[in-house]
Amino acid sequence: MEKRGFEFSFNWIFALIAGAAILFIAIYASGKFLNTGEFQQSTETAKKLTTLFEPLGVQGLGEARTGKISLQSDIKIYSDCFTDGSLGRQRISIAEKKSFNDKEYGDKGVGIEFSNKYIFFTEESEGREFDYFTKSLNLPFKTANLLVITDKNYCFVKPPRFVEDEINDLGMKNIIIKETVGDCIKNMTMINKSQVVCFDTGSTNTCGSMVTDTSGAGEEKYSRGYVNSPSGTKYFVKELLYPAIFSKKTDYECNVKRIMMRTSNLAKLYTEKSKLLSIRGVCESGQETALLTLDTAARTLRTSQDLSGVKSIADGINQNGICELWN
Amino acid sequence: MELKKITNKKAQFKIQQTAFMILGTVLFFVLVGLFWLTLKSSSINKSAANIKQEEAITLALTIADSPELTCGTQCIDYDKAQALKNTRLFEAVWPIRSIEIRKIYPKIGGGTIIECNSGNIDSCNLIRIENKGITSSNGGTASSYVKICRKEKNAEGYTYDKCQFGEITIKT
């Protein structure tokens, strides 16, 4: 009887095994290359973003700026804040949308750290377009520029006149001003409660954040106060009002501590400058004691609740007109 | 018997052929991988160098406005710069190798570099603030023109701002 069958020669076995191995390696390597590419891209974007923020972190006294950051692909921004060292540090990491999956974000790239910028993000910042605005904080000298980055539209209910003017002057298109929460809902489609910010009006049922003014007599309105939001109560003074509204409590508290670390270091720097002017025989500023008090108050700040005390000390420093240490 | 010997030799030859084939295939992929890695690492190095240079340029243009140095727009406070040199604050604020602030006009020193200290304020032309913690030299370098101002007292005893024209160089 004739046996019919297929001869499975060594060549065939080798071809099958080698082919399968090569295919597996090729698929695995392409996956790895893609991941490495995404990781590299995320790291580069984070570095480019922080370089872009550099000029925004040093604008002139009292200046405010606003603008839009547009990117080529969707990103998710992660911010980590630390209070170690003499100035603390903030780390920005970015994850980009996966190449073949529009819904998922890839791994975070390498975090880019800096200690001279204070960036406040809204919770879960993601998208390809971000609005930003900066405000400089003076306590009493120029201390830092506060950079606030948002990815949503907001509605401010009954804000004070100066906030309204600032929003209009800067042309912040992602913030609208209304008299009631109802007007916000009417004017904004797909509005979420977290996007409604009420100034001494409304209730926690309708407003995402409630801003309360605690400024004393003779002080500018809302120069001291607190913001109640789902992440907790954040106390503010002066320009810290905006970061308190837009950022989450943990980030806010950490960045406030970092700003105070810088205030303390700047107070030391101005003390040193005062001494140099005195040694050169130019003038006597007479500010050393006041600067030391400010340095101590800023250095020992524990939470944003202590900001009010720092503001009172800063407000009490009056520069000697003939020996000004700062402009 | 003879036929078995021939078959054995044939089989040995096939095994040798296969081993060489596997070795060749592996070598080919290793070479392709190495080539890809070289290309990739050179492009990463290039983009890192570009980013560092961009950072140096941005810093050179903006550092004069930072609270630690500024006395106005694009103005460097001489006394703050000296105070910054005396403290270790610089190293914490900017993770860069050095800042050099050079007085350009009026010309001082006739081309010789004279570093400033508390005793030679009028006859020096360079303030150098270095970060001794950074030793790598593959960063970027960029310069920008600035005003360098300091407080002085005139003959009548009034203080005024004395300004000179200068250049700030950042090495990242």
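Roughly what would the spin-label model give for A:Arg65 and B:Thr38, points 7 Å off Cα along C-beta, in nm?
Output for this residue pair reads 4.4 nm.
Ranking B:Glu68, B:Glu100, A:Glu179 by Cβ neighbours within 10 Å, fewest first, what do you get?
In order of increasing Cβ crowding within 10 Å: A:Glu179, B:Glu100, B:Glu68.
Do the sum for chain A: with -39,500 (n - 2.57) for every DSSP H run of n ≥ 4, divided by all residues, what is the mean residue ellipticity at 222 nm, to the nearest 500 deg cm²/dmol?
So the helix-based figure for chain A works out to -12000 deg cm²/dmol.
Ignoring everything except DSSP H segments at least 4 long, calculate the 222 nm mean residue ellipticity for chain B; use -39,500 (n - 2.57) per segment, divide by total residues, nearest 500.
-15500 deg cm²/dmol
Relative contact order for the stretch B:120-169: what percent, with Cα pairs under 8 Å and sequence separation of 6 or more?
33 percent
Taking the Cα centre of chain B as the origin, how large is its charge dipole in debye, to the nearest 20, when only Lys and Arg (+1) and Asp and Glu (-1) carry charge on their Cβ atoms? Could you put the intermediate results ahead of the total?
Values: 23 positive and 16 negative charges, 290 e Å.
Here the size comes out at about 1400 debye.
Assuming R0 = 56 Å, what is the FRET efficiency of B:Ser47 and A:Asn168, from their Cβ-Cβ distance, to the nearest 0.05?
0.85
Given +1 on the Cβ of Lys and Arg, -1 on the Cβ of Asp and Glu, and no further charges, what dipole in debye does the protein assembly as shown carry about its Cα centre, rounded to the nearest 20?
That gives the protein assembly as shown a dipole magnitude of about 1900 debye.
Sequence-distant or interchain residues sharing an amide H contact under 5 Å with A:Gly106, placed H: which?
A:Glu96, A:Lys97, A:Lys98
May I ask for the Kirkwood hydrodynamic radius of the stretch A:20-98, worked out over all distinct Cα pairs and given in angstroms to one decimal?
15.7 Å
Towards the positive end of the charge dipole of chain A, with charges on Cβ (+1 Lys, Arg; -1 Asp, Glu), say which of A:Gln319, A:Ile149, A:Leu87 has the farthest Cα.
Of A:Gln319, A:Ile149, A:Leu87, it is A:Leu87.
Taking neighbour Cβ counts within 10 Å as the exposure measure, how do A:Val227, B:Val30, A:Val197 sort from fewest upward? Write down the numbers at each step before the final one.
Details: A:Val227 27, B:Val30 10, A:Val197 24.
In order of increasing Cβ crowding within 10 Å: B:Val30, A:Val197, A:Val227.
Output ³J(HN,Hα) for the stretch A:296-310: one whole-Hz value per residue in order, computed from phi by the Karplus curve 6.51 cos²θ - 1.76 cosθ + 1.60 with θ = phi - 60°, and x for Gly and Pro.
5, 5, 5, 5, 9, 4, 9, 9, 5, 5, 7, 4, 4, x, 5
So what's chain A giving for Cα Rg divided by 2.2 N^0.38 Å, two decimals? All intermediate terms of the calculation are to be shown ahead of the outcome.
Working: Rg = 27.1 Å, N = 327, 2.2 N^0.38 = 19.9 Å.
Output field value: 1.37.
Take every Cα pair under 8 Å in chain A that's 6+ residues apart, average their separations, divide by the length, and report that relative contact order as a whole percent. Walk me through the numbers on the way to the answer.
Working: 569 pairs, mean separation 44.0, N = 327.
The normalised contact order for chain A reaches 13 percent.
Given the peptides A:136-145, A:108-117, arrange them by the average over their residues of other C-beta atoms within 10 Å, most packed first.
Values: A:136-145: 21.6, A:108-117: 18.9.
Going from most to least packed, we get A:136-145, A:108-117.
Sum up the charges of everything whose Cβ sits under 11 Å from the Cβ of B:Thr169, counting Lys and Arg as +1 and Asp and Glu as -1, but leave B:Thr169 out.
Every neighbour counted, the sum reads +2.
Using the Karplus curve 6.51 cos²θ - 1.76 cosθ + 1.60 with θ = phi - 60°, what ³J(HN,Hα) values do you get for each residue of the stretch B:155-161, in whole Hz, with x for Gly and Pro?
Listing the rounded values in order: 4, 7, x, 8, 8, 8, 8 Hz.
Can you give me the relative contact order of the stretch A:79-195 as a percent, contacts being Cα pairs under 8 Å and 6 or more apart?
16 percent
Sort A:Phe120, A:Phe130, B:Phe20 so that the residue with the fewest other Cβ atoms within 10 Å of its own Cβ comes first and the one with the most comes last.
B:Phe20, A:Phe130, A:Phe120
Provide a whole-number value for the mean count of partner chain Cβ atoms within 10 Å of the Cβ atoms in peptide A:273-279. Before the final figure, lay out the partial values.
Details: counts 10, 2, 3, 10, 7, 0, 2.
That average works out to 5.
Once you charge only the Cβ atoms, +1 for Lys and Arg and -1 for Asp and Glu, what is the size of the charge dipole of the stretch B:17-84 about its Cα centre, to the nearest 20 debye?
560 debye
Could you give the distance between the Cα centres of the stretch A:277-293 and the stretch B:89-149, to the whole Å?
25 Å
Every read-out reported here was derived from the displayed coordinates using simple, explicitly stated rules and does not represent laboratory data. Given the structure is predicted, the values throughout are model-derived calculations rather than measurements. Cβ sites come from the backbone with ideal geometry, for glycine too, and all protein chains shown count toward neighbours.
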